[in-house]
Amino acid sequence: MSSNSNYEEEHTSKFMRKAKESPFVPIGMAGCLAIVAYGLYKLKSRGDTKMSVHLIHMRVGAQGFVVGAMTLGVLYSMYKEYLAPKDPGNASK
């Protein structure tokens, strides 16, 4: 039982470390899940729209959110790497 607990703890700490390194990945995941949940909620009241068209719109919205979050993440990491003022004390590391 404790090995399962350690396994979950390792993955949780790994996810938290990765989230601190690139904070836009969890934001993209959460946005994707939110759009999918909203699309499933609106599935009942789609009116005369075909199911396939509704699902395509939901997929495009979710993908757009994820691509936007990835783009912001890349721009943020480029800013941190190249444009942000560097601490002279950390230059030797």
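Read-outs throughout are calculated quantities, based only on the coordinates presented, and are distinct from any laboratory measurement. On a predicted model such as this, the values are computed, not experimentally measured, just so you know. Here Cβ is always computed from backbone atoms with ideal geometry, including for glycine, and neighbour counts include all displayed protein chains.
Select from 31, 47, 68 the residue whose mean-square fluctuation is largest in a Gaussian network model of the chain (Cα-Cα springs shorter than 10 Å). Judging by the Gaussian network model, the answer is 47.
If you wrap a convex hull around the C-alpha atoms of the stretch 39-80 and split its volume per residue, what is the figure in Å³?
On the way: hull volume 2.4 nm³, N = 42.
It is 56 Å³ per residue.
Only helical runs count toward this figure. For the chain, summing -39,500 (n - 2.57) over DSSP H runs of n ≥ 4 and dividing by all residues gives -25000 deg cm²/dmol at 222 nm.
Set the Förster distance to 22 Å, then compute FRET efficiency between residue 59 and residue 12 from the Cβ-Cβ distance, nearest 0.05.
Values: r = 29 Å, r/R0 = 1.33.
My answer for the efficiency is 0.15.
If you compute Kirkwood radius over Cα pairs in Å for the structure shown, which of (1) 15.8; (2) 16.5; (3) 14.9 do you land on? Correct label, based on the coordinates given: (2). Working note: Karplus 6.51/-1.76/1.60 with θ = phi - 60° gives the stretch 61-78 the couplings x, 5, 5, x, 5, 5, 5, x, 5, 5, 5, 4, x, 5, 5, 5, 5, 5 Hz, where Gly and Pro are set to x. Note on the chain: GNM, Cα springs under 10 Å; of 52, 77, 22, the largest mean-square fluctuation is that of 52.
Work out the length of the dipole vector of the stretch 1-86 about its Cα centre, built from +1 on the beta-carbon of each Lys and Arg and -1 on the beta-carbon of each Asp and Glu, and round it to the nearest 20 debye. Can you show the working numbers first?
Working: 11 positive and 6 negative charges, 60 e Å.
Using only the charged Cβ atoms, the result is roughly 280 debye.
Phi angles of the stretch 47-54 translate, via the Karplus equation with coefficients 6.51, -1.76, 1.60 and θ = phi - 60°, into HN-Hα couplings of x, 8, 5, 5, 4, 5, 5, 4 Hz per residue; Gly and Pro are given as x.
To the nearest ten degrees, helix 2-21 and the longest principal axis of the Cα atoms of the chain are 80 degrees apart.
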